[in-house]
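All of the numbers you see were taken from the coordinates with simple rules; none came from a lab. Just so we're clear, the structure is a prediction, and the values are computed from it rather than from any experiment. Please note: Cβ atoms are built from the backbone with ideal geometry, for glycine as well, and neighbour counts cover all protein chains shown.
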Ligand SMILES: Cc1cc2nc3c(=O)[nH]c(=O)nc-3n(C[C@H](O)[C@H](O)[C@H](O)COP(=O)(O)OP(=O)(O)OC[C@H]3O[C@@H](n4cnc5c(N)ncnc54)[C@H](O)[C@@H]3O)c2cc1C
């Protein structure tokens, strides 16, 4: 009999796993999403390095129209006054069919939903109760439907509600005293940047990232800014701290801006139930300063799919060991970037810039710092 799997949450992690199960045809599965629809009108950008592209290619990522994708060839690093410090060649990591890619998040979700939307996705579903029955897990939803499954996959994001049903220990995400302020730009708004590349500008307690998200010259703009409150009283007033460092940025900040509080999980905790797994941000939520959240969601989904398929003994233990090893590498680098991108002392910034120039030219450093993440 086919194994039955319930995936809770239809973000990038849950949908990626669903696509592998769909392609394999040896499983019955359903994705249960609490919202009533997918966020397909969301225009913000996402960067996918080749570790995730390699996996997505196995489920036909190349079918996305090329005009909806971009392949930036480098990252240009600037100080906040728009003076270039150095650059990083991204093509050194690319393979034959795997290129560093940027796109709108909605383009990725649209692609991931394609094959599974009608038969394998149910909206408005929230778990009410779980219990064990005949060696399986019985999930009851708050609309009084239920499902009896062999595996439950928590893919419901950093504030995972699935965990509260199966785990005694909480894994509460920590607010990192920072906000991400985002918009889509239709022009460089007066900045002296090469808009075919990723531009990263580092200032006092903030950094900005600008990159193309398609071939229509639309640019994703995100400003990560230290701030003690999860919701700013006024975004414009808050951004004065950045504009004072470079008045040219005022034009950029005239666009339609939205803010997100940045949370991360400090601990990685194994599942205490051999039939329950966590993937994506539900396993571990990272700071966005290595642009690996979605990439790790994709990786974790694929790792778990392979383990379930291979039917190796003690899947739970192997999954946790391998996933946490990998996630720790990414977490260390994301945290380190967060620290170095935001230095407030002028002196420390000069030292940082000197080391960046020096180290980004060294193949051995680039390979050990980024290659280990991108080439998994
Ligand atoms: C500013 C910013 C920029 C970023 N940029 C990048 C980037 O460039 N590259 C990158 O790789 N990553 C980036 N990330 C991170 C990335 O977006 C996330 O890590 C990734 O989307 C996590 O995917 P997920 O599927 O695990 O969780 P989510 O995307 O959070 O999806 C969880 C899903 O579960 C649903 N859900 C929640 N609770 C329940 C419930 N109780 N029952 C049922 N369903 C539920 C939610 O509605 C949602 O659909 C960025 C993050 C931020 C904040």
Please give, to one decimal in nm, the separation of the simple spin-label points placed at residue 25 and residue 354, each 7 Å out from Cα toward the Cβ.
6.3
At a Förster radius of 41 Å, what calculated FRET efficiency corresponds to the Cβ-Cβ distance of residue 131 and residue 62, to the nearest 0.05?
0.40
Nearest 10 degrees is fine. How inclined is helix 346-359 to the longest principal axis of the chain, computing both from alpha carbons?
70
Per residue, how big is the convex hull around the C-alpha atoms of the chain? Give it to me in cubic angstrom, could you?
141
Give me the distance in nm between label points sitting 7 Å out from Cα along the Cα-to-Cβ direction at residue 237 and residue 122, one decimal.
4.7
Could you tell me what percent of the DSSP beta bridges with both partners in the chain are antiparallel, to the nearest 5?
70
Would you mind calculating the gained length between residue 164 and residue 143 on full extension (0.36 nm times residue separation, minus the Cα-Cα distance), in nm to one decimal?
5.7 nm
Specify the inter-centroid distance of segment 135-194 and segment 1-67, based on alpha-carbon positions, in whole Å.
14
Report the percentage of all Cα-Cα pairs in segment 154-225 whose separation exceeds 15 Å, rounded to a whole percent.
65
Given Cα pairs under 8 Å that are at least 6 residues apart, what percent is the relative contact order of segment 226-343?
22
Return a whole-number percent for the relative contact order of segment 116-275, with Cα pairs under 8 Å and 6 or more residues apart as the contact set.
24
When you count, for each residue, the other Cβ atoms within 10 Å and take the mean per peptide, how do 155-167, 255-267, 2-14 rank with the highest first?
2-14, 155-167, 255-267
Let me check against my output: what whole-number percent is the relative contact order of the chain, with C-alpha pairs under 8 Å and at least 6 apart?
21
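Efficiency by 1/(1 + (r/R0)^6): what FRET value for residue 335 and residue 84, r their Cβ-Cβ distance, R0 = 35 Å, to the nearest 0.05?
0.85
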Going by the alpha-carbon gyration tensor, a ≥ b ≥ c the square roots of its eigenvalues, is segment 289-366 rounded (a/c under 1.5) or, if a/c is not under 1.5, prolate (a/b greater than b/c) versus oblate?
prolate
Kindly express, to the nearest 10 degrees and within the range 0 to 90, the angle between helix 315-341's C-alpha long axis and the longest C-alpha principal axis of the chain.
20
Label-point separation in nm, residue 35 to residue 321, each point 7 Å along Cα→Cβ
3.7
When DSSP beta bridges are limited to those with both residues in segment 1-140, what percentage is antiparallel, rounded to the nearest 5?
65
